[in-house]
Amino acid sequence: MMHPTRQDQARGEKLFSPARLGLKVPVIAAAFIVFSLGLHSFGFCQPLPFMEEIIIQDAPLSSPGKIPPESKVPDARELKQMHLLNNVVQPDNMKNVNMITRRENPCQLKLLVTHWSRSYTLYGQPHAIWLDQYDHPGANRKILNDVLARASSQIQNPELVVYSIPLRDLGQSSEGGFDSYEDYWQDNVINAGIISEFVKKTGLTPRVYIEPDALALSLQYKEDHAYNAESVAIYQKRVDMIPRLIHLYQQAGALVYLDAAHSDWFDYTDEQVGKIAGALNDAGIAFADGLMSNVSNRQKVDSGERNEWHYLGRLLPLLENKNLDVVVDTSRNGGVTHPRQYWLSPNGDLIDNELSQGRLVGHWKQDSDGQVKLYPFFGKVKALSTLLQKEKYQYNLKTAILTAPKWLDPIGDVKPGPAPTDKLSAEVASRINRLRYIKPPDDCDGAINCPPGFSKSVVNAETLKRQPANANTISSKSW
């Protein structure tokens, strides 16, 4: 349950004091609320005046929904120097900015039903929409406008994932991201402006999930590269940028969440949990509305020896924010799976273990420079050396079998977990507020022949069409 911050309470006391409103206003307001709720009971769920956002205006912006340029947004150092929790006090350098008080109302309890997506068609559950394009600033404008238009017409709360930070996956399966932080920032400014207009028009409250894996990956990258100058710089740029994104999207009227990786990211030691907590604190979790975990992953919510509930019980006390709305992604944790494997057959076929007899998914060859390269039906050409060094694959020279990390499109009992809900058992709710499908369940995770963002069902159907009658097979015992 989200609780109002002291700043929200102070705003309410200021705006609705008897001295300011007069004694008769509460009576009129009460009558209006009763009338309005009566309309809602008959299914009229348009935003009503008393439900719309309160806008504190010390000085109006030059145009509605405009987000101030980079120079007017406090940097990470300035934000941290405020020593605030959840923006309790309005800093001096933000007094000329419209601030929106975000809160839920009866019209806001519905999550946006993403009925147009393949994942919804297959699994019948709403999911977040990813803003993951990075060709140029504004590359996500079209999808964002489309999603918000649907949310407005359906009067449902959208959930959005920002996923385009420079060096996004640090060389792993979801590589990409903007070429520079300048372009990245500008894209987010554009996104925030669109969201601001949406919030003002509808009174709805989007949730914005900021850069899944970005902090945990940068920690891992530092360890993998012995804390060299490059790895330290990557980490620092991320923890400098993320607090500014929190501020930017909150200013637009959204609730903002940071990512805590998941219970199986590092060795499950106090030291490693402490490192995740340190990164979240460095990245401004004190100012965020919430925390997400298990995004695109398969850890159980509260069953088994290692799970998200237990992990969060160790992590949350270490964070500089004790009022976080905690969300766990359950889009992939419903079944029991095992890693995807690939056989590099002697004749150059690339065969995976999706089927017990094997399934042709592409070809491989050794280039003149000695590099072994894999050519899947779908996705980019992959160098074997890169897969081993950067993407955590393992290769058995004796069997010529390449094994993917267990989180990349595994096989077996692959299915979504518990449906999105805000109603959890009392014990689970002591640490976790909501379950969500943050990652669309039908999206590929980035394994060979299943590039990030592609539809698994489409890839599988098209791959099946390409199976030759005399395909190579491999004994199931070899897997």
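The values are calculated or read from the model by the stated rules, or taken from the named source; none is laboratory data. As the structure is a prediction and not an experimental result, all values here were calculated from the model. So basically every Cβ, Gly included, is an ideal-geometry build from the backbone, and we count neighbours across all protein chains shown. Keep in mind that these areas ignore ligands, DNA and RNA; they rest on the heavy atoms of the full protein, side chains included. Shrake-Rupley method; radii C 1.70, N 1.55, O 1.52, S 1.80 Å.
Scanning region 126-146 for residues that are under 16 Å from the mean Cα position of the chain (by Cα) and open to solvent by less than 30 Å² (accessible area, probe 1.4 Å) turns up PRO126, HIS127, ALA128, ILE129, TRP130, LEU131, ASN140, LEU144.
You will find that of ASP409, ASP325, ASP352, ASP422, the residue that is of a type in the set (Asp, Glu) and more than 28 Å from LEU217 (Cα to Cα) is ASP422 and no other.
For the residues ALA254, ALA277, ALA283, the requirement of being free of Cβ contacts under 8 Å to residues at least 60 places away in the same chain, open to solvent by less than 10 Å² (accessible area, probe 1.4 Å) and more than 30 Å from THR399 (Cβ to Cβ) singles out ALA277. The residue of region 392-416 that is surrounded by the fewest Cβ atoms within 10 Å (Cβ to Cβ), among those that are closer than 16 Å to LYS300 by Cβ and touching a strand residue (DSSP E or B) at 6+ places or on another chain (Cβ under 8 Å), is ASP413. In summary, ARG238 fulfils each of the numbered conditions (1) more than 30 Å from VAL199 (Cα to Cα); (2) open to solvent by less than 10 Å² (accessible area, probe 1.4 Å) with the single exception of condition (1).
For region 379-391, a tally of residues being assigned to a loop (DSSP other than H, G, I, E, B) and open to solvent by less than 70 Å² (accessible area, probe 1.4 Å) returns 2.
Restricting attention to region 260-270, the residues that are open to solvent by less than 10 Å² (accessible area, probe 1.4 Å) and either in a strand (DSSP E or B) or not aliphatic (A, V, I, L, M) (or both) total 1. Just one residue in the set ASP325, ASP302 is surrounded by fewer than 24 Cβ atoms within 10 Å (Cβ to Cβ), out of contact with any Pro (no Cβ under 9 Å at 6 or more places or on another chain), touching a residue at least 60 places away in the same chain (Cβ under 8 Å) and under 13 Å from PRO418 (Cα atoms); that residue is ASP302.
Taken over region 447-465, the criterion of being more than 16 Å from the chain's Cα centre (by Cα) and of a type in the set (Gly, Ala, Ser) is satisfied by ALA447, SER455, SER457, ALA461. Tally time: how many residues in region 181-200 are over 16 Å from LYS237 (Cα atoms), out of contact with any Leu (no Cβ under 9 Å at 6 or more places or on another chain) and either open to solvent by 10 Å² or more (accessible area, probe 1.4 Å) or without any contact (Cβ under 8 Å) to a residue 12 or more places away in the chain (or both)? Matching residues across region 181-200 total 2.
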